[in-house]
Each structure stands twice: as structure tokens, then as C-alpha cells.
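Input: a single structure, listed below in C-alpha cells.
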Amino acid sequence: MPRPFDGIRVIDFGRYIAGPFCAALLGDLGADVIRVEKREGREDRTLVSLATHGDGSPAEGAMFLQMNRNKKSITLDPMCDAGREVVRRLVRSADVVVANLPGETLSAMGLDYGAVSAVNPRAILAVVSAFGMEGPYANRVGFDGVAQAMCGAAWFAGSLEQPVRAAAPWVDFGTASLLAFGVAAALRARETTGKGQLVEGALLRTALTYFSPTLIEEAVLTLDRQPTLNRSQTAGPSDIFRASDGWITVAVNGDPLFRRVARLIGAAEWLDDPRFSSDKARGDNGAAISERVGAWIAGRSSAEAIAAFEAARVPAGPVYRPRQTLSDPHVQAGDFFVGVDFPGVGPATVAATPVKLHSTPGEVHMRPPLLGEHTDLVLRELGYSALEIAALREQGAV
């Protein structure tokens, strides 16, 4: 069955997560994705390494396997004349060019939008930066953790003594997903206009959007809320609690769920208590709610407490360690992960396409590439002869 992006060629100059995972999502749905790497390999190949080479150096890592399935790999030095010509041919062949590189680097490589559109007016250039292409921070560098900190999320998730950054790089993954959404929209627009366009993502823009309800509240009401770790300040009970054998989380919003909790833990008097008459009131008095719910949970095992909440149809779940996540029967029974077998690493597990299209599903149909594995293949597709490819190697261009 045809896939949504069959026939679409994506040239991926990205690194780490935001650019490469955008390209991976497009590849899951049928796009022909070519990853362009430095001749010695990009630094993101070995991050969170899963094995070592014979000389003890790190082999490919978990991040690389996740971000680069369904891709071909070509090595290239885009800063020499012959390498720039390869870049131009790649762009000429592309529907989409993905790059999360500083603006100066994009211009030096001939990958700014003016240069891309001059070579291929139908090409869509999808770029990611830390702070966006305008404003006083436009030329600053930054990673996921910087955006988490600057949007307010790290402050709000911690305590007065210690802000807390989420270990999961949600800003990077969110930016990649939104960039893929933008590319899909630009491809649809091109069907009408015949022209490509610049699609821009920014880590700070994503972080501000995801944390926007708290920022909107602060802009309007100026409450200057102080952090309360896991306890919600706008509803309750919504917190992480210690059971007799571990931790669980309970997430409650709205009157119906609150009434169920009150009856479950034997606190029916709460239903007439003005301190708990609304989500706002419960958030304002959340410490008292968490204390009593916590005491009720503490006398039970995690399984017993979760079962009781589930019987009352109240959202609750265990706080897992990573190994427990992988061992969960629902995770194992579902199609959340797929296996890949990478040379030198062996069998590994990567997260599957995170959105399910039931008629035209995404799939991991090709393992991540070895460094430069498809260089000759791609160059031949671009019209280079065997002698010309040999010359490019001799010059150090590929």
C-alpha cells in the first residue's frame, strides 16, 4: 500500500534530536531520507553508546539508533568547492532539506533559504534553532535543557531549593514533531503554489507553547506561583505518593473525579468543604489533600492502591524505573517498540512511529546506516560517474 510520503526525498543535515527525528518521522511514512555526515562522523553517532569497537572507542548509541532509522548515509565535506557542488546536487534532487545548524553555518554551506530556493524553488527548507531566527538571542546556541530552564518549566517542577530539569528531552522531541507537521503542511501548500518555503522551528518556541497555560496565567494574574515539586497547584489530588512498596501517581481534574476520590478514601466530608469546592480551591489547598490521600496510599501496596483507583475510575499509575517500563505487560503486548539489528551493536529496541495511521501506518523498514554506507549509491543517483566519485574521495570531499 502506498505510504503518505512515498516519492518525497529528504536531505537531512541535522544532528542530535530535533532535526534528525523530524526526518525520521518523514522516513517512517515513506520518504527517501539521506543523512549527510562529516567524513569522520557526527558527534551524535556515539552518544549513549551501546557497544565499543575493537580499539575501545564507543560505537553507535541509543540516540543515533532512535533518530536515524529509515535513512541512507553519505559522508561529505560541504566546506570545500567539490563538496559544495555535491550539496547543490543534493538540494536540486530534494523535496525537503532539514538542518538544525547555526545560521552562519547554513550560509557557509549554501543551505540558507535564499541559496536553497535559487537551486530548487520547489524545495522546502526545514530549520531548527535554539531561539528562533529573530530577536536578540538569534545567534545564541542552546540545547533542550536551556529551553526547559528558560520557559519556566524547570523552576516550576522543582522546589525553592532546587529547580528540576526533566530527564526526557521533551523540547527536542516536541520541536521535531512540530517541524514534521510544518513540513507536511508545506508539502500540501506546494501542491497549490508549486513553490517550496522556509519552515522554522525553535526550541524556545516549543517550550513556551508546551508550558503556555502557566505562562498565560502569570501574564494575566501575576500570581508568582512558587514550585511545589509534583503537586499540582490548579487541581487535586494530583501528586506523586509513596505506597508501601514504591511510588504511584494520581492525576485528578474536575469535580466528578474529586468526588470519587473523596468517597474512596473515606473523606465524604470534603464534598461540603468550601476549601475543596472547585479545581482552583483544591489547587490552593492541595497540601491538605495530598497529605490525607498520601496517608491512605501509604498503608497499601502500589498494586492495591492503583487497583482501588482504577475501580473508582480515577487516573493513577506506577512510577516506574526504566527496566520496569520495559517489563510492563501492556508495553510488551503493544507495538510501542520495534527491533533493529545494527552491526557491532546487535539486536536493539527503538520506539516505533509515535502516531498510528491505521490505513497507511509508519514503519521502521530499514536499520540506521553505517557511516557513509550509501555514499557511492547516492552520488551515482546524483549523476556522478565512478571516476568522478573516486576523484571526490581523493580530494577529501566525501
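Of Leu257, Leu221, which residue is in contact (Cβ under 8 Å) with a residue 12 or more places away in the chain and more than 23 Å from Glu161 (Cβ to Cβ)?
Working: Leu221 fails: in contact (Cβ under 8 Å) with a residue 12 or more places away in the chain.
Leu257 is the lone residue from the list that is in contact (Cβ under 8 Å) with a residue 12 or more places away in the chain and more than 23 Å from Glu161 (Cβ to Cβ).
Can you spot a residue in segment 79-92 that is touching a Lys or Arg at 6+ places or on another chain (Cβ under 6 Å) and in the same structural domain as Leu125 (by TED's automatic domain parsing)? Walk me through how you get there before you give the answer.
Initial filter on segment 79-92 (touching a Lys or Arg at 6+ places or on another chain (Cβ under 6 Å)): none.
No; the residues of segment 79-92 include none that is touching a Lys or Arg at 6+ places or on another chain (Cβ under 6 Å) and in the same structural domain as Leu125 (by TED's automatic domain parsing).
If you take the residues of segment 185-224 that are outside any helix (DSSP H, G or I) and β-branched (Val, Ile, Thr), which of them is nearest to Gly19 (Cα to Cα)?
Of segment 185-224, the ones outside any helix (DSSP H, G or I) are 194-202, 211, 222-224.
In the following step, the residues that additionally are β-branched (Val, Ile, Thr) were identified as 199, 222.
On the way: Val199: 12, Thr222: 36 Å.
That would be Val199.
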Subset of segment 311-340 (residues that are in contact with a strand residue (DSSP E or B) (Cβ under 8 Å, 6 or more places away or on another chain) and either within 21 Å of Leu26 (Cα to Cα) or at pLDDT below 95 (or both))
Phe336, Phe337, Val338, Gly339, Val340
Check Arg231 against each of (1) outside the structural domain of Asn139 (by TED's automatic domain parsing); (2) basic (Lys, Arg); (3) over 26 Å from the mean Cα position of the chain (by Cα) and name the one condition it does not meet.
(3)
Need pairs with beta-carbon distance below 7 Å; first residue within 15 Å of Phe336 (Cβ to Cβ) and within segment 346-357, second of a type in the set (Gly, Ala, Ser) and surrounded by 13 or more Cβ atoms within 10 Å (Cβ to Cβ); sequence gap 6+ or separate chains.
Thr353/Gly362
Of everything in segment 115-157, what is of a type in the set (A, V, I, L, M), at pLDDT 95 or above and under 18 Å from Leu101 (Cβ atoms)? Give them in sequence order.
Ala115, Val116, Val119, Ala123, Ile124, Leu125, Ala126, Val127, Val128, Ala130, Val146, Ala147
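Quick check on my filter: what residues within segment 329-345 are free of Cβ contacts under 8 Å to residues at least 60 places away in the same chain and of a type outside the set (Asp, Glu)? Walk me through it before giving the result.
At the first step, the residues of segment 329-345 found to be free of Cβ contacts under 8 Å to residues at least 60 places away in the same chain are 329-339, 341, 343.
Once the filter is applied, which keeps residues that are free of Cβ contacts under 8 Å to residues at least 60 places away in the same chain and of a type outside the set (Asp, Glu), segment 329-345 yields Pro329, His330, Val331, Gln332, Ala333, Gly334, Phe336, Phe337, Val338, Gly339, Pro343.
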Got a number for residues in segment 349-375 being in contact with a Phe, Trp or Tyr (Cβ under 9 Å, 6 or more places away or on another chain) and either of a type in the set (A, V, I, L, M, F, W, C) or at pLDDT 95 or above (or both)?
7
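The values are calculated or read from the model by the stated rules, or taken from the named source; none is laboratory data. Treat the numbers as computed from the prediction; the structure is a model and nothing was measured. Every residue, glycine as well, gets a Cβ built from its backbone with ideal geometry; the counts of neighbours run over all protein chains shown.
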